[in-house]
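Only one structure is covered here, and it is reproduced in the block below.
Just so it is clear, none of the values below were taken in a lab; they were calculated from the coordinates. Quantities reported herein were computed from a predicted structural model and do not represent experimental measurements. Cβ atoms come from the backbone with ideal geometry, glycine included; neighbour counts cover every protein chain shown.
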């Protein structure tokens, strides 16, 4: 299952990309994340990994930074016991101080039961993706 959200952010591409690439800021814009725990490497750098601990529930993800082009893209892999998510964020300048953020998330459900549950969860997953990206937009636009 794939979800794509495209939003215009009223901040320069460099600022948007740096805010998105810093996992330590996730708790400031993702209201359902309690904390980020480093697992290995320099946090946010390619090859690094960190644990995403939710405020509610037990679905903990291990996020691995696959690649990070400081101005153009961020590619993460999120893995939990039942779901893997390929996350790609692309940043395109669209004018002075304006950036088009394209966030693509591709979900792979592990096991037959979780694939079936994934079909029913699609609307909720897409809604959560949009909520997170819109929250990031508000967060980024509030930063100096």
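Observations on the structure shown:
- Extension reserve of the residue 7-residue 79 stretch, reckoned as 0.36 nm per residue once the Cα distance is removed: 23.4 nm
- Length-normalised contact order of the chain in % [C-alpha pairs under 8 Å, at least 6 apart]: 28
- Short-range pairs are left out: with C-alpha atoms under 8 Å and at least six residues apart, the relative contact order of region 1-57 is 24 percent.
- Taking the C-alpha atoms only, the angle from helix 112-142 to the longest principal axis of the chain is near 20 degrees.
- For region 2-142, projected area of the alpha-carbon convex hull averaged over all directions, nm²: 7.8
- The gain in end-to-end length when the residue 117 to residue 69 segment is fully stretched comes to 13.8 nm, 0.36 nm per residue minus the alpha carbon separation.
- For a paramagnetic label modelled on residue 58 (point 7 Å from Cα along Cα→Cβ), amide N atoms under 14 Å away belong, within region 72-92, to 81-82.
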